[in-house]
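Heads up, the thing below is written out as structure tokens.
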Amino acid sequence: MLKISHVSKTFNKGTVNEKKALTDIRLHLEKGDFVTIIGGNGAGKSTLMNMVAGVYPMDCGTIFLDGVNLSREPEYKRAALLGRVFQDPMMGTAASMQIEENLALAARRGRRRGLRWGVTREERARYHEELKRLGLGLEERMTAKVGLLSGGQRQALTLLMATLKEPKLLLLDEHTAALDPKTARKVLELTDEIVTGRHLTAMMVTHNMKDAIAIGNRLVMMSEGRIIYDVKGEEKKRLKVADLLAKFEEASAGAFANDRMLLS
Amino acid sequence: MSGMMLAIQGALGQGILWGIMGLGIYLTFRILDIADLSVDGTFALGGCTCAALMVRAGMDPYLAVLLSTAAGMAAGFVTGILYTKCEIPAILAGILTQLGLYSVNLRIMDKSNTPFLKVDTIFKQLVDGTGLSQSWVSLLAGCVVAFALVGVLYWFFGTELGSAIRATGTNENMARSQGMNTNTYKILGLALSNGMVALSGALVSQHQGYADVKQGMGAIVIGLASIIIGEVILGHKTNFAMKLVSVLVGSCIYRIIVAVVLQLGLSTDDLKLLTAVLVALALSAPVLLEKRRRAASYSEAGEEERHA
Ligand SMILES: Nc1ncnc2c1ncn2[C@@H]1O[C@H](COP(=O)(O)OP(=O)(O)OP(=O)(O)O)[C@@H](O)[C@H]1O
Ligand SMILES: [Mg+2]
């Protein structure tokens, strides 16, 4: 489904701020794979997501999604195939527009936008049903401005918007990190329900190792711009948080050794 | 009628014609969240194109207004390209277009001022046709055009395309991640906005009887004044159609203020300063009032203590 091959990215190349964020990433996902991605701050998780979404151009390598070469497509064109939820609840919705308008914008992802009505009556009925399933009572407030919603409500709405038109790949970048524990739990459950229930292919970045193990069928660990660990199926299910911590130790020890080599 | 009443009636007619420019500025300033300074240039472009077409080429006044609007859209398109494709900051992109248009306008008219002599302006035709006074005609004709535009804008921003432009102005990141080509929508918005500004420029110059390369000076500030006065008077919490109408109301009130101070003996040379002060006051008043309110309501005692 998703084939990432030899993707590298260096920010601010040739300046003092040069930062190698991704090195020769290779990652293949099967249809229906639900991958959780973990790794320390600055490991390159968000950058990897942004490469797939086309937020910045990549330095080299290719990205194919469902047979389509995305490598040089602009962000708005790739969006036709992708669903995205961001860490910041403010980023995924238009605050000054109504809930139903936001949904209608999302429902038209990848379609030409013309002079037909922005929201039709049939759509409203559909959105009412979809919102009801979130269980947050938003179906009663469809004409309310999204800016009035709480962070958790906005994140749930963004998740619905990302999946309203079935994406080939769903990208979730720490989408529960800004929420209180209870709301985060709720949004995570919704995510699992939607992704597993509809057999979506998804990548989810999280800092919660328990969640990373419990959710999805595959786990990827990143460190310093590389994928250092990739497990799936039964092996993943058997993982313990302690195993992951050990892996982290191993990776950061390696990094430390590198630093020492540089210094000596 | 007293001099003051006549002045106010004239002000309303002017207010509505300039209000059309206010609608255009509202599109960029409030919907797209871009401060577009091309406006000073495109307002004059509208007038100059219209004058050149009518006086030099003998064109029908309605057709001339239409083509002037198209010229304004082209200018907005240029600003849009500079801003999006060339990534020049919006303010600077607008200033570049504005500066360039000064020369363009001089070229179009071949001089700095063109009176509408020996040609029938829309307003003259209407005065002759209806027998009403010039100020009534400009008020009525202005209202017809302005309210038709409000209707069209209300419809347009309810469509898929209009919604996409609104989303682009509200949250570009969201717009792109939902597959919208935000550059295209910004260019489109700037073109539509400047089209309306040039339309207003063409009507205003026909109304005042001449076009001048300097007629757009300070137009952006006058437009902002109209928007802000309208918001202060009719409030933020109205629906979209009322927000557009409030721009027209704001524009009329601005013209009445101008008419009154002119009657009181201020010279037209002082108007620019007056406008600048007015806009600065209107922009800062809500901020200052809020600060005062907060300072006044602060107390060292906790809430419960105070209420106990
Ligand atoms: N736009 C950018 N410009 C310059 N450097 C960047 C940019 N985005 C990311 N980086 C750098 O690339 C590296 C990887 O960043 P990235 O955001 O991908 O990390 P992450 O794994 O998502 O970390 P976190 O868990 O903190 O979100 C970091 O060193 C970061 O400073
Ligand atoms: Mg990150």
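The values are calculated or read from the model by the stated rules, or taken from the named source; none is laboratory data. Predicted model only: the values in this text are computed from it and were never measured. Please note: Cβ atoms are built from the backbone with ideal geometry, for glycine as well, and neighbour counts cover all protein chains shown.
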Item to check | The lone exception for residue B:37 - which of (1) under 15 Å from the mean Cα position of the chain (by Cα); (2) more than 25 Å from residue B:167 (Cα to Cα) it fails | outcome: (2)
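In the range A:184-242, which strands (runs of 3 or more DSSP E) lie fully inside it and hold 1 or more residues that are of a type in the set (Gly, Ala, Ser) and either over 20 Å from residue A:52 (Cβ atoms) or in contact with a Leu (Cβ under 7 Å, 6 or more places away or on another chain) (or both)? Outline the logic, then answer.
Numbers: elements: A:202-205, A:218-223, A:226-232.
Filter on the range A:184-242 gives A:202-205.
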Checklist entry - Does the range B:91-108 contain any residue that is away from chain A (no Cβ under 14 Å), in contact (Cβ under 8 Å) with a residue 40 or more places away in the chain and in contact with a Lys or Arg (Cβ under 7 Å, 6 or more places away or on another chain)? => result no
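Quick grid of which residues meet (1) more than 23 Å from residue B:176 (Cβ to Cβ); (2) within 16 Å of ligand 2 (Cβ to nearest atom); (3) basic (Lys, Arg):
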site: A:3; (1), (2), (3): yes, no, yes
site: A:11; (1), (2), (3): no, yes, no
site: A:21; (1), (2), (3): no, yes, no
site: A:24; (1), (2), (3): yes, no, no
site: A:54; (1), (2), (3): no, no, no
site: A:64; (1), (2), (3): no, no, no
Next on the checklist: Just checking, does the range B:185-194 include any residue being charged (D, E, K, R), in a helix (DSSP H, G or I) and touching a residue at least 12 places away in the same chain (Cβ under 8 Å)?
Outcome noted: yes
Item to check | Members of the range B:144-189 that are more than 7 Å from every other protein chain (Cβ to nearest Cβ), under 22 Å from the mean Cα position of the chain (by Cα) and hydroxyl-bearing (Ser, Thr, Tyr) | outcome: B:154, B:168, B:185
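Residue check: is residue A:101 within 18 Å of residue B:163 (Cα to Cα) and either modelled with pLDDT of 95 or more or surrounded by fewer than 22 Cβ atoms within 10 Å (Cβ to Cβ) (or both)? Give the derivation first.
Values: within 18 Å of residue B:163 (Cα to Cα): yes; either modelled with pLDDT of 95 or more or surrounded by fewer than 22 Cβ atoms within 10 Å (Cβ to Cβ) (or both): yes.
The answer is yes for residue A:101.
Going by what's in this entry, would residue A:172 be described as buried (at least 19 other Cβ atoms within 10 Å of the Cβ) and either more than 16 Å from ligand 2 (Cβ to nearest atom) or not hydrophobic (A, V, I, L, M, F, W, C) (or both)? Walk me through how you get there before you give the answer.
Details: buried (at least 19 other Cβ atoms within 10 Å of the Cβ): yes; either more than 16 Å from ligand 2 (Cβ to nearest atom) or not hydrophobic (A, V, I, L, M, F, W, C) (or both): no.
When the stated conditions are applied, residue A:172 does not pass them.
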Checklist entry - How many residues are among the hydrophobic types (A, V, I, L, M, F, W, C) and free of Cβ contacts under 8 Å to residues at least 12 places away in the same chain when one looks only at the range A:12-38? => result 1
Checklist entry - Name the pairs: first residue in the range A:171-186 and within 14 Å of another protein chain (Cβ to nearest Cβ), second residue part of a loop (DSSP other than H, G, I, E, B) and within 13 Å of ligand 2 (Cβ to nearest atom), Cβ to Cβ under 7 Å, at least 6 apart or on different chains? => result A:173/A:86; A:173/A:87; A:175/A:86; A:175/A:87
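Quick one: which residue in A:48, A:22 is within 14 Å of ligand 1 (Cβ to nearest atom), part of a helix (DSSP H, G or I) and touching a Leu at 6+ places or on another chain (Cβ under 7 Å)? Steps first, please.
On the way: A:22 fails: part of a helix (DSSP H, G or I).
Answer to the selection: A:48.
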Checklist entry - Which of the residues that make up the range A:25-45 are assigned to a strand (DSSP E or B) and either surrounded by 18 or more Cβ atoms within 10 Å (Cβ to Cβ) or near ligand 1 (Cβ under 9 Å from one of its atoms) (or both)? => result A:25, A:27, A:29, A:34, A:35, A:36, A:37, A:38, A:39
Next on the checklist: So, in the range A:40-52, exactly how many residues are over 13 Å from the mean Cα position of the chain (by Cα) and more than 9 Å from ligand 2 (Cβ to nearest atom)?
Outcome noted: 1
Next on the checklist: With the requirement that a residue be in contact (Cβ under 8 Å) with a residue 60 or more places away in the chain and either within 7 Å of chain B (Cβ to nearest Cβ) or of a type in the set (A, V, I, L, M, F, W, C) (or both), what does the range A:79-90 give you?
Outcome noted: A:81, A:82, A:84, A:85, A:86, A:90
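Identify, please: which residue in the range A:95-116 is farther than 21 Å from residue B:188 by Cα and in a helix (DSSP H, G or I) and is, among those, farthest from the other protein chains (Cβ to nearest Cβ)?
Of all residues in the range A:95-116, those farther than 21 Å from residue B:188 by Cα come to A:95, A:98-100, A:103, A:107.
If we keep only those that are in a helix (DSSP H, G or I) as well, we get A:99-100, A:103, A:107.
On the way: A:99: 13, A:100: 11, A:103: 10, A:107: 9 Å.
Per the criteria, the residue is A:99.
Please go through the range A:117-144 and give me each residue that is away from chain B (no Cβ under 14 Å) and part of a loop (DSSP other than H, G, I, E, B), ordered by number. First the steps, then the outcome.
Here is the first cut: in the range A:117-144, the residues away from chain B (no Cβ under 14 Å) are A:122, A:125-142.
Result: A:135, A:136, A:137, A:142.
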Next on the checklist: I'd like the full set of residues that are more than 16 Å from ligand 2 (Cβ to nearest atom) and among the charged types (D, E, K, R), limited to the range A:191-225.
Outcome noted: A:192, A:193, A:198, A:210, A:218
Next on the checklist: Would you confirm whether or not the range A:170-184 contains a residue that is more than 16 Å from ligand 1 (Cβ to nearest atom), touching a strand residue (DSSP E or B) at 6+ places or on another chain (Cβ under 9 Å) and on the phi < 0 side of the Ramachandran plot?
Outcome noted: yes
Checklist entry - Looking only at helices (runs of 4 or more DSSP H) that fall completely inside the range B:227-308, which ones have 3 or more residues that are farther than 24 Å from residue B:25 by Cα and modelled with pLDDT of 85 or more? => result B:240-263, B:271-297
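Answer with yes or no whether residue A:82 is of a type outside the set (Val, Ile, Thr) and touching a Pro at 6+ places or on another chain (Cβ under 6 Å). Let's see the steps before the verdict.
Numbers: of a type outside the set (Val, Ile, Thr): yes; touching a Pro at 6+ places or on another chain (Cβ under 6 Å): yes.
Considered against the rule, which asks whether it is of a type outside the set (Val, Ile, Thr) and touching a Pro at 6+ places or on another chain (Cβ under 6 Å), residue A:82 comes out as yes.
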